Each structure stands twice: as structure tokens, then as C-alpha cells.
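Read through the structure below, which is laid out as C-alpha cells, and then see the notes.
The values are calculated or read from the model by the stated rules, or taken from the named source; none is laboratory data. Everything quoted here is computed from the prediction, not taken from an experiment. Virtual Cβ from ideal backbone geometry, glycine too; neighbours counted across all protein chains shown.
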Amino acid sequence: MDLVRGAAGAAERRGTGAIKTRLRYLAWRLAEPPGFLPPLVVLSFKVALGSGLAWALGQAFGFKTPWDAVLAVIILMQGHAYGSLLNALQFLLGVFAGLILGLLALHYLGLSAPVLAAIMFVTLLMGGWLKITRLGFNNQIAISALLVLASGSNANVARFWETILGGVVGVAVAALLWPPNPVSRLRQEFREASRKIKSDLLRSLELAGRGEEAEAQRRQVRANSEHVDGVVAEILPAEDALRWNPWHSGRMSDLSRLEERLRLIGYLYRTVRAMARQAAEAPRAGESAEHEWEAGRPHLVAAGGAAVEAIERRLVAEDVEEAVSRGHDEVALFAASAPRERHAVALAAALDDLLRDIAGWHAPNEVDPEQQLVSRIVRRLGGRRPQSSVAALGELEFEEERQQAIRQDITSRVTRRPRTAPPMESVVEAAGIAGQVDRGVQHIPLAQIKGTDIRSQDFDASFQPRSRGLRQQWVQAFTLMEQGVEPPPIDVYKVGEVYFVKDGQTRVSVARHLGWDTIRANVVEVTTRAPVGSEINPEELLKAAEYSRFLEETQLDVNRPGARLECSQLGRYDKILEHILGHRYFLGLDRGYEVPVPEAAASWYDSVYRPAMDVARSHHLVQRLPRWTETDIYLALTKIWLDLQEEGLPSGPESAANLLVAETNTSERIRKVASTRPLARFTAPPRVRLSVLSSGGAGSAPAGARAARRTTTRSGAERPARG
């Protein structure tokens, strides 16, 4: 019997939990618009809904054609995204108070100059007392009272009641359906600002005394500082948007914490600007002072690193004393070894001031969570003020991330771009595994984490959560990491330049959301036969698969470990293999026996490919064609070589390289003309013909290439697109 009651209780709790989940999701849907809807569509939908409701309610209350109610909705819901709700409330309050005062004055006092002056005086005083926004006063009270006195008729009074009805509907729609929520955007701005101030600080110190580079960095620091000041200026309008907001009642405390951090960054940026200015104005070190700069620069950079560490710790409310003390010591060492030059001295003083500012700054916060209307009402009724916790914030952030993932999925279906990165198993299968080595625990860049070891639909390619089932573990990770607790290392495989997560996808998702640059990871490096670049997409996998098959047949990576034959387009390895097989045929004729393919490939690489590339490098073709790989250049040279030989012109690697240089120069001139003259591409001279070549050493094309030419069409070896 106890078991039955226990099972029934568990079922009831599950049912209650499911209901709470659905109610929470409903509240979320009312609080946040769908991610795929642009702001204009959201505002238009709200105005249309409010207009329809105002018309329907107006007719229900006996107004035949309540146009003024609809007009009030339209006027009330326009304006700035932050302040529209406050403007609506102030408008509604002003109309209501002015209507009452005007009717009372008209009924009891009549209309005369003293009465009019007294009413204006009283209504403007009330406008100062009843104002909602920080600036000015609520003059809508005086305007509404004046219009009542001017009209005086029952019909016009009815129009004011229509206006109030429209105002009530507009406020209800503005407040209850997708109200303004500026905190998410300000949070993103904070993460970007915290990343920039750390990089700007270190970069400015590294470039001290290096002329134009330091001056460019000074301008960048100034631009970033001014941007942060602009973000700080948005905090008070954001508070206005949240103060009357029923769905985001916990966001006011979040905004207060954000304000403290943003004001800290803005304040520190002013010192960083002074430091960057001294670094830019420091004269370029001459020979006499060069050794002093080189002796002092490591201490300067070390002090900057300590300042960055102190900023990171201060932003998460941790103790900064040890990092600041270490920074002061490094500044003293720099001052002792740096040149005796006023800008170097000022630079040391600015860095010392920055460390002191980090340790002693106190935020002059203006956002007060106690000012929120919902909090005041609940507190005065004897309840507790809604508290914002990191866990509650994590719930909101998780939903925002999931909605962003849904929006990206919808966009990817339209653009046909994959939203899930290929798993590591597909990459290794394409590139061919050669071995693996345990590299231990390292800090790895989050930007280089491209996917997971096996295919998973829980996260998209940017590690944004897709499934609601991830909520609990995502929020738990967010709660710890937002409070500055370093999570356990994730487990990753490194393939080429990129990483694939074996365990720890949630920690990667939260770290990216929080704006981290790196994360600790247990790294196992997987080596592949074909190289894997930083971009993982279907085309790159096909290239890796082609290269892997080519290496499997030729064993070039075994017999010539330094050989790297990378092609920019698909299908090129088949052409190279034809060259090797042709070279193998003639090699067999010379030696009198059938040469194995791996042996022929090594001979081709030594006697054909490398000499051709030596010629290409002597003509600087690698620099002239930055989008081509060396293998692309080899294929182009051999094709031109064969074309010259078949047309009876002077041939050889030098002639082919000269012609490729000439064609490259001509293409560059045409491109420059086309960029300045829109019709130049229609009037440009034709491509340089082979007959323009008048000199160059004669020579036969490589035997393998000649054999390959006999088995393919003239157009079989296409050149890569010039870049």
C-alpha cells in the first residue's frame, strides 16, 4: 500500500513538474519574441494586435467608432525600444490625470483667466511629481486638462475616454507581450568590451616605441574606449525599460551587476588610452637605446599580463591583490631598465596608475533594483523582493541561446548551409589516420573547436544548445563558470589545426557564451596522412579524401616525408597520378623492368616536381599567385610547357615560367583597370597569346606529362582560378 501511495505521489510530482515547465515556457514565449523575427516585424505585430483589441473593446464599451483608441495605441507604442514602455505609461497617466482635473474644473469652477492659470500651475506641478522618466516633467497632464476645457462637450469628453482605453490596451500589449529586454545585448557588449580591453592593453605595450604600428593601435584603443562609453550611456535607458517590466523582474539586479562591470571597463579604458598615447609618442628606439628597450620590454609585457589577470579577477569579484602587486614589481623593473626618456617614464607611470585603479575603483552605480515597480509592490504587500540569482540568469541565457540556435537552423535551411560540423570520425575517415599522441592538459583556443568526435544533434556548429533536455546541465555549468569557478578540463582530439570534443560540449557552449578565448582540455593529437586545415566543410573533406587515396597509392608521405602536395581544387590528384604513371612508364623503359608505383613517385618528386618548383620560386610565382598552392603552379607550368612544345615555340621550365609571369601581370593590369572603369572588362585587350614569347631555353616537357597529355584531351589540365 505504501508503495502504491509512493508511486502515486511520484506521478503527481512529475505531473506538477511538467505543468510548471509548460507554464515557464509560456512565460518565456510571452517575454521573448521568436528569434527569427526582426524587430520591425515584432513592433508591427504588437501595434496591429493592440489596435485590434482597442477597437473591439471600444465597441464593447459603447463607442461606435473608437478611432481615438486606435490612434492612442499607435502613438503610444512607437519610439525607442528602451523607452517606449515608459513613454506609454507617462502618456496614459497624463491623459487620465488631466481628464479628471479638467472635468472637475469645468464642472465646479467654470472657465476664466484666473481658473485657467491656476489649473496650468497645478497640472505642471503634478507633472513634476508624477513624471516617470528622468528628464523634464509630464506635460501631458496640462495638455489633457487644456483640451477638456477647450472642448467641454460630452462628445469630446468621450474621445478622451477612448484615448484612455487605447492607452490601457497599448500599455498592456507593450508590457505583457515581448516587452523591451536590453540586458542580453548589453551582456554581449560587456563580453566584447572585456575581451578588447585586455587585448588592447597587451598590444599597446608590445608596440611601445615602434612608430606607425603604435600610432595605429592608439587610434584603435580610442575608438574602443568611445564605444564602451556609448554602451555605458545606454544603461539608464535600459533601466527605464526594465523598471515597469513584469516578465523580466529578475533582470534589474543583472543590469546592476552589468553596470558595475561596464563602468569599470570604461574607467580603465581611459587609463589605457593614456598608456597607448605614451606608447605611440615614444620615439623609435635608436641603436644606442635599442638594448635598453629590449631589456625593459619583457618586464613591460609581464606587467601588462599581470594587469590583464587583475582585470579578469576583478570582473568576477575575486581578489586582485596578488596580481596587482606582481604588476607593480614588473613596472619597477621596467622603469629601472628602460631608456631614460620622458615617454618611457610616462608609460611606466600610466601602467602603474592602471594597476592602482584596478585595485581601488568603486562603481558609482545608478541602477537600483529597489526602484522596480514590481519589487516595491511586492515588498509593500509584505512579500520579498524578487531576487536574481546566477541560476535564474542561466535559465534566461539558456533559452536565449536555444532560440538563437533555432533561428540559425531556419536560416541554414534557406541558405542550404550546414549548421552541424562534420564529426571527427568523418574527418579521420577522409584524411586517413596515421597515429595519435597524448599531449596532456593545455589551454586551447575556443575558436578552433570545430565539432565533436561523433555526430550529435544536441548542439549546432557554434555549440549553441538545441535541445531543452540540456537545460539543467547547461544552467549548472553556467552558474559555476559565471561565478569564476574554472571547470574541469574537457576531453578533445586535435586533428591538424582544429579540435573535436569528446566530452565537455556543455562547458564549451557556456564558455563561448561567456566570451572566453581559451579553455582547459586534455588533448589527444591524431595525426592523419592528408593535412586537415582550419575550415572543416564537405569540399575540404573531399580534398582530404583524394589526397589520402593518392598517398595510399604513391606512399610519398613514407618515402618523402617532407613532400606536401596540396591542391586548391578537386580532381587535381588524379592528374598528378597520371604524371607519375607516365614517369613510371619511361623509367621502366630506361631500367628494363617494371618500376613499383611508390618508387616511381619518389623519382618523379626528386627529378620532376622539385626542379620545376625551384624554377617557380626563382620567378616568385608563389608570391605572385597567393591563392594558388605549389602543386597548382606545377600543373600550370607543365601544361604551358606542353602547349609551347606542341606549337613549336621555345619551351622549357624557364619559358613556361616567363609566360605564366606575363599572363599574371596582364591579368593584374586588367583587374586594376576594371576596378576603376566599370566598362573596362568589355573593352580590355585579349589574353596574352603564346606567340608573344620570344625567348627562353628550349627543352622537352617532362616525360610523365607528355604521356599524360597523350591519354587526355587538351583541356584536361585546367588551371586554377587566378587570385
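For the range 494-504, the set of residues classified as surrounded by 21 or more Cβ atoms within 10 Å (Cβ to Cβ) and assigned to a strand (DSSP E or B) consists of Lys494, Val495, Val498, Tyr499, Phe500, Val501, listed by residue number. Could you list all residues from the range 175-216 that are over 21 Å from Gln403 (Cα atoms), among the hydrophobic types (A, V, I, L, M, F, W, C) and not in a helix (DSSP H, G or I)? Hits for the range 175-216 are Leu207, Ala208. Check Ala431, Ala461 and return the single one that is crowded, with 16+ Cβ neighbours inside 10 Å and more than 19 Å from the chain's Cα centre (by Cα). Answer to the selection: Ala431. Select from the range 293-321 the residues that are modelled with pLDDT of 80 or more and loosely packed, with under 15 Cβ neighbours inside 10 Å and write down the one among them that is nearest to Arg191 (Cα to Cα). Checked the range 293-321; the qualifying residue nearest to Arg191 (Cα to Cα) is Asp319.
Number of residues in the range 241-292 that are aromatic (Phe, Trp, Tyr), modelled with pLDDT of 70 or more and either surrounded by 21 or more Cβ atoms within 10 Å (Cβ to Cβ) or not in a helix (DSSP H, G or I) (or both) equals 1. With the checklist (1) at pLDDT below 75; (2) part of a helix (DSSP H, G or I); (3) closer than 30 Å to Val42 by Cα in hand, flag the one item Leu165 doesn't pass. Here Leu165 meets the rest and fails (1).
Yes or no: the range 594-609 includes at least one residue that is more than 23 Å from Arg549 (Cβ to Cβ) and surrounded by 13 or more Cβ atoms within 10 Å (Cβ to Cβ). Yes, the range 594-609 contains a residue that is more than 23 Å from Arg549 (Cβ to Cβ) and surrounded by 13 or more Cβ atoms within 10 Å (Cβ to Cβ). A search for C-beta distances below 6 Å between a residue of the range 569-590 that is touching a residue at least 60 places away in the same chain (Cβ under 8 Å) and within 16 Å of Gln555 (Cα to Cα) and any residue that is in a loop (DSSP other than H, G, I, E, B) and of a type in the set (A, V, I, L, M), counting only pairs 6+ apart in sequence or on different chains, returns Arg584/Val595.
Where residues in the range 193-228 are within 30 Å of Val42 (Cβ to Cβ) and in contact with a Gly (Cβ under 7 Å, 6 or more places away or on another chain), which of them is modelled with the highest pLDDT? The residue in question is Val228. For the range 613-650, a residue qualifies if it is hydrophobic (A, V, I, L, M, F, W, C), surrounded by fewer than 21 Cβ atoms within 10 Å (Cβ to Cβ) and over 39 Å from the mean Cα position of the chain (by Cα), and the qualifying residues are Met613, Val615, Leu649.
Take the residues in the range 510-533 that are hydrophobic (A, V, I, L, M, F, W, C) and farther than 23 Å from Gly469 by Cα, then tell me which one is surrounded by the fewest Cβ atoms within 10 Å (Cβ to Cβ). Looking at residues that are hydrophobic (A, V, I, L, M, F, W, C) and farther than 23 Å from Gly469 by Cα, I get Trp516.
Only one entry of Arg507, Arg471 meets the criterion of being buried (at least 22 other Cβ atoms within 10 Å of the Cβ) and not in a strand (DSSP E or B), and that entry is Arg507. The residue pairs whose first member lies in the range 329-340 and is assigned by TED's automatic domain parsing to the domain that holds Leu300 and modelled with pLDDT under 85, whose second member is assigned to a helix (DSSP H, G or I) and of a type in the set (Val, Ile, Thr), and whose beta carbons are closer than 8 Å, counting only pairs six or more residues apart or on different chains, are Ala335/Val345; Ala338/Val345. The set of residues in the range 435-458 being surrounded by 15 or more Cβ atoms within 10 Å (Cβ to Cβ), hydrophobic (A, V, I, L, M, F, W, C) and in a strand (DSSP E or B) consists of Ile444, Ile449. Only residues that are under 25 Å from Val316 (Cα atoms) and charged (D, E, K, R): list them for the range 430-484, please. Result: Arg471, Glu482.
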